[in-house]
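Visitor: The structure is given below, and queries will be raised subsequently.
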Amino acid sequence: MVLLLSACCSPKMKGGFTKEFIHPGKGYTKAIVVLVNHTKTIYLSGLTGEGTDLASQTRSTYNHIKEELDSAGASMKDIVKMNTYIVNMNADKVAIFRGIRKEVLGEQTMPASTLLGVQSLADSDKLIEIEAVAVVRKK
């Protein structure tokens, strides 16, 4: 069992496991890229955006997600999982969020998603935070 755990969790697996930190900051990294053989998985920390209302912050947040994915060699189409946190969520806020998400991601191939209402975020000016996981087959 110990041998199995050390083999699967070591920084350099026989199959070519690597880990890259993209835009590390104080206390967290915006994106971490894990490459195993020819599959790259990108883990994005919760990202927020600028603006004074939910709509502008949501659009800005998606732009930041796109920028981080670009830095990691991925695109919005590569997202497989998304967790969204909305402050003081209600039906109107859900409708705003879903409308913008539809503009950005389309309707056909949506990632697995979780939407949660929260009382507040770490930055009290922020109304939405989104974290995501993307997977890319490296050529």
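Read the figures in this text as sums done on the coordinates, not as results from a lab. Bear in mind that the values here come from a model prediction, so they are computed numbers and not experimental data. Reconstructed Cβ throughout: ideal geometry from the backbone, glycine too, with neighbour counts over all protein chains shown.
Visitor: Subtracting the Cα-Cα distance from 0.36 nm times the residue separation, let me have the gained length for E50 to K26 in nm, one decimal. The partial results should precede the final answer.
Guide: Numbers: separation 24, 0.36 × 24 = 8.64 nm, distance 1.98 nm.
Extending this stretch completely gives an extra 6.7 nm.
Visitor: Quick one: go through the stretch 97-139 and flag any residue whose amide nitrogen is under 16 Å from the point 7 Å out along the Cα-to-Cβ line of H38.
Guide: Output list for this probe position: 136-139.
Visitor: Let me ask another. Starting at the first residue of the stretch 31-41, write each ³J(HN,Hα) from the Karplus equation 6.51 cos²θ - 1.76 cosθ + 1.60 with θ = phi - 60°, in whole Hz, x for Gly and Pro.
Guide: 8, 10, 9, 10, 10, 10, 6, 10, 10, 10, 10
Visitor: Still on this model: Which whole-number percent gives the relative contact order of the chain, counting Cα pairs below 8 Å spaced six or more residues apart?
Guide: For the chain, the relative contact order is 28 percent.
Visitor: Can you order the peptides 109-121, 76-88 by their average number of other Cβ atoms within 10 Å per residue, highest first? Before the final figure, lay out the partial values.
Guide: Details: 109-121: 11.8, 76-88: 17.2.
Descending packing order for the listed peptides: 76-88, 109-121.
Visitor: Provide the FRET efficiency to the nearest 0.05 for the Q119-T18 pair, computing r from the beta carbons and using R0 = 22 Å.
Guide: Numbers: r = 38 Å, r/R0 = 1.75.
That gives a FRET efficiency of 0.05.
Visitor: For the chain, which span is the longest to avoid every loop-located (per DSSP) member of GluC sites (Glu not before Pro) having at most 16 other Cβ atoms inside 10 Å? Write out the running numbers ahead of the final one.
Guide: Values: sites that count: E50, E107.
Formally, the longest exposed-site-free interval is 51-106.
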